[in-house]
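Following: one structure in structure tokens, then a few remarks.
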Amino acid sequence: MAQAQSTWEVPAVKGWRDADSLEVHGTINDGVFRPDSIAVPSPPGASTPPLIPLNQNILGSAQLLPFGIEERVKVRRGSRGVAFDCQAGEAPAGLIMHWPDARLPAAYDGQWLLQGSGDAAIGVSLIKRNQDAPAKPAGYWNENGLSLPFTDPDEHVIVFSCPARSASALIESISLMPAKSHLAARARGTWAWREEEWRSNPQRFARAAHAAGFTQLAVQLPSTPDDKLGQLLSALAQQGVTPRLLDGDPAMATPEGLALAVDRVRRLRSWVLSHANAKGLTLELDIEPYGQAAFAADPEKAWRGWVTAVKRLAAAWGGDVAVDVPWWMQHSTAGTAALGSVSAYVSEFVVMAYRTEPLLIQDAVEPWFRLGKSVQVAIETGPVEAEVTRIYRRASRGTLRLKDDAATLLPTAEDAAPGGAIYSLDRQLVTDPSRVSFHDAHDRALEVERELSAILHSWPNFSGFRLHGWSIDGRK
């Protein structure tokens with residue numbers, strides 16, 4: 001049964017009227033579809049392969065290819081792993097193992113760990129695709145397993161080389177693991193958006209943040225910096241919690257909103273310089289231009305506004321800033337260009353990787369470590385509404401009306417009229433909130449945090465973990 005929908009209208013792009021289909025994105029709350037953006041579907045393109053699972057046995061997903069002109073290699077998969085036998089011979093022979101449908105992590109301080117049993121004369125090397133194995137292998141198989149340094153994400157292929165005599169091996173496990181135990185402390189933080197939570201009693205708020213296990217807190221700027229903010233900064237410091245000052249709104253990516261924000265940050269900077277306990281603070285920006293109603297109509301313009309905002313606010317602050325970003329930003333051409341434009345003004349990215357499956361979180365954040373900046377990884381723990389993408393197709397009658405200047409979602413269907421186009425609902429895709437947020441799953445969130453921390457620490461520029469949705473009184 002289709003959910004009820006309210007009438008909704010946004011600016012349209014003139015060329016949209018030639019489109020055969022349109023996508024309307026929104027949420028469903030209490031059975032009501034609440035749209036927030038509309039766009040022409042992106043043409044299908046080359047997708048990025050998923051990240052290979054880290055800290056896990058990936059032998060089962062490997063493709064196996066025996067090689068050698070003498071055909072002296074026999075390979076068998078079984079319940080214990082992969083067994084292969086080399087018969088005696090003179091020509092090069094062995095087993096190629098690779099993962100063509102996955103990508104390896106960049107800038108990762110890792111090691112290949114191979115476990116099993118076999119002949120110590122079998123060589124093991126890492127090579128790139130279409131590359132010959134080296135005359136001298138990187139290592140030799142042994143009954144205690146073998147560890148090879150992971151240094152190049154383009155080295156997708158593991159080659160097992162047979163000796164001239166007969167030999168055999170059983171490979172039970174192959175995994176890409178951290179190279180060493182990284183014990184350096186990283187931040188564990190959250191956001192504090194509501195001023196009323198800390199203003200009445202900064203000391204109590206700081207104690208609550210510490211009790212919740214946080215070592216960093218990004219605090220939304222108060223309307224006017226005053227002694228209460230100073231008390232909060234001191235109270236957090238006493239509890240071992242590093243404060244940050246936070247500002248953000250989609251309107252900051254527009255000229256009008258940015259003018260207000262620049263004035264606000266300048267006043268804040270003046271206040272910070274006159275208070276000893278505020279010096280050295282980081283300013284964090286959470287602008288989110290995709291929250292604008294017109295974002296889908298012209299994402300390039302919205303991201304250009306974001307770039308301008310980051311640059312001008314960093315200048316008003318007098319130094320680099322930390323920036324909150326959605327994990328999917330690098331999947332957008334305009335988003336990628338925007339990141340390049342602000343690189344010189346950003347000290348750290350806080351990547352909002354709002355997923356609950358650990359493999360999906362790793363896949364979402366890995367590209368951000370490639371940029372060379374510090375990276376915090378954030379997950380969602382608050383309530384979220386079901387996200388919906390509705391696909392509308394051109395028709396003679398429907399509930400989505402498109403004119404040159406506006407797209408209107410109608411409460412009831414109407415016929416196409418001269419000067420406009422009509423689209424009817426074809427299907428909808430709904431994202432389960434439990435795939436996005438750990439709301440009401442506190443223990444699971446902690447479990448995933450522990451699991452991910454062991455992996456994320458092997459990126460040298462991983463700077464901490466962030467949880468969205470914390471509140472001193474339990475509200476989200």
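Rounded to the nearest 0.05, what FRET efficiency do Glu195 and Asp440 have when you use their Cβ-Cβ distance and R0 = 22 Å? It would help to have the intermediate numbers written out before the result.
Details: r = 26 Å, r/R0 = 1.20.
It comes out at approximately 0.25.
Just to check I understand the Karplus step: with θ = phi - 60° and J = 6.51 cos²θ - 1.76 cosθ + 1.60, what whole-Hz values come out for the stretch 62-72, glycine and proline as x?
6, 8, 10, 9, x, 9, x, 5, 8, 6, 9
Note down the nm distance, to one decimal, between modelled labels 7 Å out along Cα→Cβ at Ala164 and at Glu71.
So the label points at Ala164 and Glu71 sit 2.4 nm apart.
Grab the DSSP H runs of the chain that are 4 residues or longer, score each as -39,500 (n - 2.57), total them, divide by all residues and round the 222 nm result to the nearest 500 deg cm²/dmol. Kindly include the intermediate steps, with their values, before the conclusion.
Values: 8 runs with 101 residues, N = 476.
Rounded to the nearest 500, the figure is -6500 deg cm²/dmol.
Take the alpha carbon atoms of the stretch 146-220, find their center, do the same for the stretch 391-416, and report the distance between the two centers in whole angstrom.
48 Å
Convert 25 °C to kelvin, take the viscosity as 0.890 mPa s, use the Kirkwood radius over C-alpha pairs of the stretch 59-178 as Rh, and evaluate the Stokes-Einstein diffusion coefficient in µm²/s, rounded to a whole number.
Working: Rh = 14.4 Å.
D = 171 µm²/s.
For the stretch 241-319, which trypsin sites (Lys or Arg not before Pro) are both in a DSSP coil and crowded by at most 15 other Cβ atoms within 10 Å?
Numbers: sites: Arg244, Arg264, Arg266, Arg267, Arg269, Lys279, Lys301, Arg304, Lys311, Arg312; in loops: Lys279.
Sparse-neighbourhood loop trypsin sites (Lys or Arg not before Pro): Lys279.
List the DSSP H helices in the chain whose Cα atoms stretch 18 Å or more along the helix axis and whose mean Kyte-Doolittle hydropathy is at least -1.0.
On the way: long enough: 255-273 (27 Å, 0.14); 299-317 (26 Å, -0.24); 442-456 (20 Å, -0.22).
In the chain, the long hydrophobic H runs are 255-273, 299-317, 442-456.
By what distance, in whole Å, do the Cα atoms of the stretch 267-412 stretch along each of the three principal axes, largest value first?
Ordered largest first, the stretch 267-412 gives principal extents of 67, 38, 29 Å.
Can you give me the long-range amide H partners of Ser374? Hydrogens built in the peptide plane at 1.01 Å from N, cutoff under 5 Å, separation of 5 or more residues or another chain.
Distant-sequence amide H within range of Ser374: Phe349.
Going by amide H atoms built from the backbone, whose H comes under 5 Å of the H on Gly139, apart from near neighbours?
Answer set, sorted by chain and number: Val124.
Quick one: which residues, 5+ away or cross-chain, put their amide H under 5 Å from the amide H of Ser37? H built at 1.01 Å from N.
Amide H neighbours of Ser37, under 5 Å, 5+ apart: His25.
Sorted from largest down, give the three principal axis spans of the alpha carbons of the stretch 328-437, whole angstrom values.
If we take the Cα atoms of the stretch 328-437, the spans are 54, 34, 19 Å.
Quick check on the chain: of the DSSP beta bridges with both residues there, what percent are antiparallel, nearest 5%? Don't skip to the end; give the middle numbers.
On the way: 78 of 117 bridges.
The answer is about 65 percent antiparallel.
Which ³J(HN,Hα) values in Hz, rounded to whole numbers, follow from the phi angles of the stretch 121-126 under the Karplus curve 6.51 cos²θ - 1.76 cosθ + 1.60, where θ = phi - 60° and Gly and Pro get x?
Per residue, the Karplus-derived 3J(HN,Hα) values read 7, 7, x, 9, 9, 10 Hz.
Between (1) 29; (2) 33; (3) 19, which entry matches percent of Cα pairs over 44 Å apart as derived from the coordinates of this structure?
Derived directly from the coordinates: (1).
Based on the Kirkwood radius over alpha-carbon pairs, what is the Stokes-Einstein translational diffusion coefficient of the stretch 116-228 at 20 °C with 1.002 mPa s viscosity, in µm²/s?
Working: Rh = 19.3 Å.
The calculation lands on 111 µm²/s.
If the limit is 29 Å between Cα atoms, which of Lys136/Lys373; Lys14/Lys373; Lys301/Lys403; Lys128/Lys180 go over it?
Numbers: Lys136/Lys373 37 Å; Lys14/Lys373 39 Å; Lys301/Lys403 21 Å; Lys128/Lys180 24 Å.
Pairs exceeding the cut-off: Lys136/Lys373; Lys14/Lys373.
Could you go through the stretch 419-430 in sequence order and give the Karplus-derived ³J(HN,Hα) for each residue, using 6.51 cos²θ - 1.76 cosθ + 1.60 with θ = phi - 60°, rounded to whole Hz, and x for Gly and Pro?
x, x, 9, 10, 10, 10, 5, 9, 6, 9, 10, 10
Here, each number is a calculation from the coordinates, and none is a lab measurement. Because the structure is predicted, anything quoted here is derived from the model rather than measured. Neighbour counts run over all protein chains shown; Cβ positions are idealised from the backbone, glycine included.
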